[in-house]
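Participant: Let me give you the structure first, and then I'll get to my questions.
The values are calculated or read from the model by the stated rules, or taken from the named source; none is laboratory data. Not measured: the values here are computed from a predicted model. Counting neighbours? That spans all protein chains shown, and the Cβs are built from the backbone with ideal geometry, glycine included. Accessible surface areas use protein heavy atoms only, side chains included; no ligands, DNA or RNA. Shrake-Rupley method; radii C 1.70, N 1.55, O 1.52, S 1.80 Å.
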Amino acid sequence: MESIKQIYRIGYGPSSSHTMGPMRAAKIFLERNSRATRFQVTLYGSLAATSKGHMTDSAILEILTPVAPTRIIWEPKIVLPFHPNGMLFESFDAQDLLLEAWTVYSIGGGTLANEDFNELKTSEIYGMSTIREIQEHCEKTGLSYWEYVEQCEGPEIWDFLQEVWNIMQQAIHNGLEAEGIIPGGLGLRRKAADYFIRAKGYGNNIRSRGMVYAFALAVSEENACGGQIVTAPTCGSCGVLPAVLYHLKDTRDFTDLRILRALATAGLFGNVVRTNASVSGAEVGCQGEVGVACAMAAAAASQLFGGTAAQIEYAAEMGLEHHLGLTCDPVCGLIQIPCIERNAFAAARALDANTFSNFSDGKHRVSFDQVVEVMRQTGNDLPSLYKETSEGGLAKTKMN
């Protein structure tokens, strides 16, 4: 299993698979073809179906057009067998002769792969790839999940996670300050600032929940506007984990050191899903994005409240289990409806999963690893119209 740095990618929204991945692919292709006089990029399947709403074309053009004219071709009805998010990059010389053709896929979380390489498999540093194995190891040795992460990643992981936490907090601050219409054509107004102000007028319980909503909305709205965020595990689900951690730091005075340890644990659980299933909405639906984010946040919260290894696993299991079957059907292909609200609800559900698990002794019948496998199977069974193609579900709802 590779580094949790693959789960936490720092970049700009609105989509890790549809914006960050294509932009990275364009940069790689440009490095090899800097003398080209013309580029052509063909987008296939899910990547083509929702590309404009996800700013895919803008991300690619931003990299290639300063060097040479670039044409984008959309082929939403053609799904290449390797993955729904396919791209064909082509470069041409002054005589319009083909210099290079490169097919690559954005497989989720900003990660790239094709038949010749896979960024998921570049550097395996974890000897175990299931939570069952890791939990047994931790219970046998007395280690916490975060200590196992440090053992595998090395002490330098803390500097990386500090940067991740800084950017997550900044996204919340930026989102709470910003107002106005989210770009894209839906006329959706930012809500985070209003929720934050209104939450202050309620009693403790409702105020606490309102703040969680506000923090999640702040990050998700920043993402929808193309602001800087951290995938956790994707752009579309980037508001869940920061909202939970920021809320707990704000209300329980947890130190940054404890927050970083919680981030390590959350990253470990997200990494297991990414390794054994997928975090790509185009591949398994939103259960792989918001569902995994909820599981990560539940694990982080459980650790912060002193959960045992079993209780942490139980919290994460519930976070994912109760998102099974969740479709990815964004209206107009924009990471706005229902994505932004889903982040807020998932953050609240993560806190509930933590509370439920900490009332228990951590024993339960269905394991986290079993739910991951069910999620993978469910994603395979979901029709393509419910996997980030804007061809079904809420995406077909007429906006009033």
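Participant: For the stretch 40-106, which whole-number percentage of the solvent-accessible area (1.4 Å probe, protein heavy atoms only) is attributable to carbon and sulfur atoms? Walk me through the intermediate numbers first.
Facilitator: Details: 1650 of 2900 Å².
With neighbouring chains kept in place, the figure for the stretch 40-106 is 57 percent.
Participant: Follow-up. If you roll a 1.4 Å probe over the stretch 266-356 with all protein chains in place, what percent of the accessible area is carbon or sulfur? Working shown, then result.
Facilitator: Values: 1160 of 2010 Å².
The computed percentage sits at 58.
Participant: Then there's this: Around GLY236, which amide H atoms from residues at least 5 apart in sequence, or from another chain, sit under 5 Å from its own amide H, with H modelled in the peptide plane?
Facilitator: When sequence neighbours closer than 5 places are left aside, the close amide H contacts are SER16.
Participant: What number comes out for accessible area per residue over the chain if the probe is 1.4 Å? Units Å², please.
Facilitator: That works out to 41 Å² for each residue.
Participant: Also: Specify which residue in the list ALA277, GLN287, ILE181 is farthest towards the positive end of the charge dipole of the chain, using unit charges on the beta carbon of Lys, Arg (+1) and Asp, Glu (-1), about the Cα centre.
Facilitator: Of the listed residues, the answer is ILE181.
Participant: Right, next: With labels modelled as points extended 7 Å from the Cα through the Cβ direction, what inter-label distance (nm, one decimal) is found for ARG365 paired with MET128?
Facilitator: 2.6
Participant: How do TYR44, TYR105 stack up against each other in accessible area, from largest to smallest, with a 1.4 angstrom probe?
Facilitator: TYR44, TYR105
Participant: What is the angle, in °, between the Cα long axis of helix 290-304 and the longest principal axis of the Cα atoms in the chain? Nearest 10 is fine, range 0 to 90.
Facilitator: Between the helix axis and the principal axis of the chain, the angle is about 30 degrees.
Participant: To the nearest 10 degrees, how steeply does helix 157-177 sit against the main Cα axis of the chain, on a 0 to 90 scale?
Facilitator: 80
Participant: Could you derive backbone 3J(HN,Hα) for the stretch 150-155 from the dihedral phi with the Karplus parameters 6.51, -1.76 and 1.60 (θ = phi - 60°), listing whole Hz in sequence and x where the residue is Gly or Pro?
Facilitator: 4, 4, 8, 8, x, x
Participant: Amide H to amide H under 5 Å from GLY110: which residues, 5+ apart in sequence or cross-chain, H placed 1.01 Å off N in plane?
Facilitator: Result for GLY110 returns SER17, GLY21.
Participant: Something else now. Checking a compactness column here: for the stretch 319-378, what do you get for Rg(Cα) / (2.2 N^0.38 Å), N being the number of residues?
Facilitator: Cα Rg divided by the expected 2.2 N^0.38 Å: 1.35.
Participant: Would you mind calculating the relative contact order of the chain from Cα pairs under 8 angstrom and at least 6 residues apart, reporting the percent as a whole number?
Facilitator: Once divided by the residue count of the chain, the mean separation gives 19 percent.
Participant: Still on this structure: Based on DSSP loop calls and a cut-off of at most 12 other Cβ atoms within 10 Å, the longest stretch of the chain free of exposed trypsin sites (Lys or Arg not before Pro) is what?
Facilitator: Here the longest run is 201-362.
Participant: List the cysteines in the chain whose Cβ has no other cysteine Cβ under 4.7 Å from it.
Facilitator: By the Cβ distance rule, which asks for a partner under 4.7 Å, the isolated cysteines are CYS138, CYS152, CYS225, CYS235, CYS238, CYS294, CYS332, CYS339.
Participant: Let's test the formula: R0 of 41 Å, r as the Cβ-Cβ distance of THR255 and ASN118. What FRET efficiency results, to the nearest 0.05?
Facilitator: Calculated value: 0.65.
Participant: Follow-up question, since we're still on this one. Just to make sure I understand: if all protein chains stay in place, what is the order of LEU43, LEU99 by accessible area at 1.4 Å, largest first?
Facilitator: LEU99, LEU43
Participant: Tilt of helix 21-32 relative to the longest C-alpha principal axis of the chain, in degrees (0 to 90, nearest 10)?
Facilitator: The angle comes out near 50 degrees.
Participant: Would you mind telling me the antiparallel percentage of the DSSP bridges in the chain, rounded to 5?
Facilitator: Roughly 75 percent of the DSSP beta bridges within the chain come out antiparallel.
Participant: Here's another thing I want to ask about it. Can you tell me the mean projection area, over all orientations, of the convex hull of the stretch 139-250's alpha carbons? Units nm², please. Can you show the working numbers first?
Facilitator: Working: hull surface 35.2 nm².
Spelled out: convex hull of the Cα atoms, projected over all directions, averaged, 8.8 nm².
Participant: What Kirkwood hydrodynamic radius do you get for the stretch 1-118 when you take the inverse of the mean 1/r over all pairs of distinct Cα atoms, in Å?
Facilitator: Numbers: mean 1/r = 0.0702 Å⁻¹.
Across the stretch 1-118, the inverse of the average 1/r is 14.2 Å.
Participant: Now a separate question. For the chain, with the dipole built from +1 on Lys and Arg beta-carbon atoms and -1 on Asp and Glu ones, taken about the Cα centre, which of VAL244, PHE29, LEU64 lies farthest toward the positive end?
Facilitator: VAL244
Participant: Once phi is turned into ³J(HN,Hα) by the Karplus curve 6.51 cos²θ - 1.76 cosθ + 1.60 with θ = phi - 60°, what whole-Hz value does each residue of the stretch 238-245 show in order, with x for glycine and proline?
Facilitator: So the J values, rounded to whole Hz, are 6, x, 5, 5, x, 4, 5, 5.
Participant: Rounded to the nearest 500, what is the 222 nm mean residue ellipticity of the chain from helices alone, with -39500 (n - 2.57) per DSSP H run of 4+ residues and division by all residues?
Facilitator: -15500 deg cm²/dmol, from helical runs alone.
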